[in-house]
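Notes to accompany the following structure.
The values are calculated or read from the model by the stated rules, or taken from the named source; none is laboratory data. This structure is a prediction, so every number in the text was calculated from the model and none was measured. When we count neighbours, we look across all protein chains shown, and the Cβ atoms used for this are built from the backbone with ideal geometry, even at glycine. Just the protein is used for accessible areas: all its heavy atoms, side chains included, with ligands, DNA and RNA removed. Shrake-Rupley method; radii C 1.70, N 1.55, O 1.52, S 1.80 Å.
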Amino acid sequence: LVNVREIFKNTIRYENQQVTIGGWVRSNRNSKNFGFIVVNDGTFFEPIQVVYGDGLENYEEVCKINVGAAVIVKGQLVPTPEAKQPFEIQAAEVTVEGASTPDYPLQKKRHTFEYLRTISHLRPRTNTFEAVFRVRSLCAYAIHKFFQERDFVYVHTPLITGSDCEGAGEMFQVTTLDLKDVPKKQDKTVDYTKDFFGKPTNLTVSGQLNGETYAMAFKNIYTFGPTFRAENSNTTRHAAEFWMIEPEIAFADLEDDMMLAESMLKYVINYVIEHAPEEMAFFNNFVDKGLLDRLENVVNNDFARVTYTEAIKILSKHNDKFDYKVSWGCDLQTEHERYLTEQIYKRPVFVTDYPKEIKAFYMKLNEDGKTVAAVDCLVPGIGEIIGGSQREDDYDKLLARIQDMGLKEEDYKFYLDLRKYGSARHAGFGLGFERCVMYLTGMANIRDVIPFPRTVNNCEL
Ligand code: 4AD
Ligand code: MG
């Protein structure tokens with residue numbers, strides 16, 4: 001079998017030759033003596049048209065092939081300069097590998113994304129989702145390529161952990177105890193010594209703390225894996241299971257961190273535009289008009305920068321437009337993030353130096369004693385896509401923060417050790433992979449860029 005991508009990319013080699021392809025039927029229409037099947041084999045965004053005539057031994061059977069069936073087609077590739085498609089296959093043989101039935105849920109009409117979410121096992125056979133998941137795959141590859149080309153070491157951090165990196169308490173517990181022995185959250189009467197690990201454990205919310213330990217050995221590292229958050233927020237940007245990319249760089253500060261984030265995003269955008277031109281044109285025309293121009297602009301301009309304090313000054317002038325009014329000390333909500341990046345800067349923006357109270361314990365305290373060396377990268381259409389910081393590298397200051405925040409010192413002993421043995425300035429960030437895919441495709445709902453999404457009240461398939 002030859003991949004349809006290969007035929008489209010190297011057409012000259014296949015013109016007027018015999019080819020054999022295997023794929024799934026998108027449509028089948030016919031008259032008395034001939035018919036057309038449109039076949040998509042998933043290797044290329046464009047399907048291929050197959051013409052068949054009553055010369056086929058099994059003409060009657062082929063006429064009855066249902067949409068969704070898997071077929072193998074052998075025939076000659078014939079250029080069709082007058083037609084919409086550049087060529088078609090004139091079938092010499094059509095065999096049904098696996099039939100389909102007339103109730104196949106994907107008929108040749110527009111289905112809503114909501115409906116398609118209910119058949120997440122079949123939606124990758126539609127145009128939109130074929131495009132989304134190819135871009136998702138390329139995007140992951142581009143991220144690895146970016147870091148590997150720069151000699152970053154890829155670290156596999158654990159998914160089951162005893163600590164809460166973000167200190168937000170939004171964790172899925174992992175336990176082998178009988179459910180009746182595990183009552184409410186925070187119930188201290190549970191005897192965890194009887195549990196599998198002999199202590200309470202959870203699915204990781206971030207690989208950062210483990211990642212930092214490897215940065216203190218390899219200088220530059222990154223993680224790229226699943227993370228889990230039991231946030232009870234039912235939005236278009238939150239999932240309970242999502243992937244995160246977390247680079248960590250040693251002998252580096254917040255400035256280096258922002259430069260890395262900016263060049264990574266630009267690299268990934270360029271890579272995907274170059275390697276998925278058909279898919280990106282589709283998104284540009286049918287999902288998010290003007291997407292390609294906007295992405296070109298992102299690649300060709302510097303990201304904006306503003307401190308949290310300045311951002312609050314700017315936003316408070318527009319408080320009449322917000323449901324949630326801003327003032328110094330408040331956390332930025334999506335409406336504020338989007339206002340900054342969409343209305344004020346009209347491009348990606350780094351917001352830096354947030355109040356320490358609204359950020360995690362590990363961020364480096366600034367000279368002012370009030371803010372930390374944090375950075376969020378906000379992009380139009382989404383809001384926060386990246387969260388990062390320079391890390392507190394001073395043992396005493398870090399210990400004080402851990403105690404202040406009521407975290408258990410013994411859980412962070414390994415982390416404190418890094419500040420005891422050869423502490424070095426270091427910084428890192430986390431890119432939400434799904435938000436990155438949304439940004440690249442213009443897809444508006446995180447559920448539509450995850451093959452099998454997990455969100456509040458939804459764990460199907
Ligand atoms: O800002 P966050 O919580 O930062 C961290 O976890 C740090 N440990 C990262 C680091 O410095 N190494 O999460 C990072 C990014 C967010 O900017 C967002 O893009 C994404 O992860 N994210 C989510 N994506 C989908 N669903 C959720 N529930 C998400 N929570 C965070
Ligand atoms: Mg964040």
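Here is the figure for segment 239-250: residues that are in contact with a Ser or Thr (Cβ under 7 Å, 6 or more places away or on another chain) and under 15 Å from residue 170 (Cβ atoms) total 4. Residues that are open to solvent by 50 Å² or more (accessible area, probe 1.4 Å), within 16 Å of ligand 2 (Cβ to nearest atom), at pLDDT 95 or above and under 17 Å from residue 254 (Cβ atoms) do not occur anywhere in segment 391-405. Residues of segment 68-96 that are in a loop (DSSP other than H, G, I, E, B) and open to solvent by 30 Å² or more (accessible area, probe 1.4 Å): 81, 82, 83, 84, 85, 86. Considering only residues that are part of a loop (DSSP other than H, G, I, E, B), in contact with a strand residue (DSSP E or B) (Cβ under 8 Å, 6 or more places away or on another chain) and within 16 Å of ligand 2 (Cβ to nearest atom), which ones fall in segment 203-232? If the condition is that a residue be part of a loop (DSSP other than H, G, I, E, B), in contact with a strand residue (DSSP E or B) (Cβ under 8 Å, 6 or more places away or on another chain) and within 16 Å of ligand 2 (Cβ to nearest atom), then 204, 205, 206, 207, 229 are the ones that fit. For segment 448-460, give me the residue count where each residue is part of a loop (DSSP other than H, G, I, E, B) and either within 16 Å of ligand 2 (Cβ to nearest atom) or not aromatic (Phe, Trp, Tyr) (or both). Of the residues in that region, 9 qualify. Do we find a residue being in contact (Cβ under 8 Å) with a residue 12 or more places away in the chain and under 25 Å from residue 133 (Cα atoms) anywhere in segment 87-97? The answer is yes, given that some residue of segment 87-97 is in contact (Cβ under 8 Å) with a residue 12 or more places away in the chain and under 25 Å from residue 133 (Cα atoms).
Counting only residues that are in contact (Cβ under 8 Å) with a residue 40 or more places away in the chain and open to solvent by 30 Å² or more (accessible area, probe 1.4 Å), how many does segment 26-35 have?
Within segment 26-35, the first condition is being in contact (Cβ under 8 Å) with a residue 40 or more places away in the chain, and the residues that meet it are 26-27.
So of that shortlist, the ones also open to solvent by 30 Å² or more (accessible area, probe 1.4 Å) come out as 26.
Selection size over segment 26-35: 1.
Of the residues making up segment 277-304, those that are surrounded by 15 or more Cβ atoms within 10 Å (Cβ to Cβ), outside any helix (DSSP H, G or I) and of a type outside the set (Gly, Ala, Ser) are 288, 303. The C-beta contact set for segment 231-243 (first residue hydroxyl-bearing (Ser, Thr, Tyr), second residue within 8 Å of ligand 1 (Cβ to nearest atom), distance under 9 angstrom, 6+ apart or interchain) comprises 235/446; 236/446. Flag not set for residue 241, criterion: within 16 Å of ligand 1 (Cβ to nearest atom), in contact with a Leu (Cβ under 8 Å, 6 or more places away or on another chain) and among the acidic types (Asp, Glu). Only residues that are over 18 Å from residue 381 (Cα atoms) and open to solvent by less than 70 Å² (accessible area, probe 1.4 Å) were counted in segment 312-330, giving 9.
Among the residues of segment 345-365, those identified as out of contact with any helix residue (DSSP H, G or I) (no Cβ under 7 Å at 6 or more places or on another chain) and open to solvent by 40 Å² or more (accessible area, probe 1.4 Å) are 345, 346, 356, 357, 358, 364. Considering the conditions (1) within 16 Å of ligand 2 (Cβ to nearest atom); (2) among the basic types (Lys, Arg); (3) more than 20 Å from residue 348 (Cα to Cα), residue 237 is excluded by exactly one of them, (3).
Of all the numbered requirements in (1) open to solvent by 40 Å² or more (accessible area, probe 1.4 Å); (2) in a helix (DSSP H, G or I); (3) within 17 Å of residue 381 (Cβ to Cβ), residue 235 misses one, and that requirement is (2).
Please pick out the residue among 271, 214, 267 that is among the hydroxyl-bearing types (Ser, Thr, Tyr) and within 23 Å of residue 407 (Cβ to Cβ).
Values: 271 fails: within 23 Å of residue 407 (Cβ to Cβ); 267 fails: within 23 Å of residue 407 (Cβ to Cβ).
Testing whether each residue is among the hydroxyl-bearing types (Ser, Thr, Tyr) and within 23 Å of residue 407 (Cβ to Cβ) leaves just 214.
Of the candidates 274, 262, the single residue that is without any contact (Cβ under 8 Å) to a residue 12 or more places away in the chain, within 19 Å of the chain's Cα centre (by Cα) and not in a strand (DSSP E or B) is 274.
Of the residues making up segment 75-84, those that are under 22 Å from residue 55 (Cβ atoms) and within 38 Å of the chain's Cα centre (by Cα) number 2. Within segment 286-312, residues that are within 29 Å of residue 112 (Cα to Cα) sit with their Cβ atoms under 7 Å from residues that are aromatic (Phe, Trp, Tyr) and crowded, with 16+ Cβ neighbours inside 10 Å, at 6+ positions apart or across chains, in these pairs: 291/283. Listed conditions (1) farther than 12 Å from residue 69 by Cα; (2) open to solvent by 30 Å² or more (accessible area, probe 1.4 Å) are all met by residue 122, apart from (2). When segment 97-113 is filtered for residues that are in a loop (DSSP other than H, G, I, E, B) and touching a strand residue (DSSP E or B) at 6+ places or on another chain (Cβ under 6 Å), only 108 remains. Residue 23 fulfils the conditions (1) over 18 Å from residue 101 (Cα atoms); (2) crowded, with 20+ Cβ neighbours inside 10 Å except for a single criterion, (1). Test residue 62 against the stated conditions and say whether it is open to solvent by less than 40 Å² (accessible area, probe 1.4 Å), part of a strand (DSSP E or B), out of contact with any helix residue (DSSP H, G or I) (no Cβ under 6 Å at 6 or more places or on another chain) and hydrophobic (A, V, I, L, M, F, W, C). Taking the combined requirement at face value, the residue does not satisfy it.
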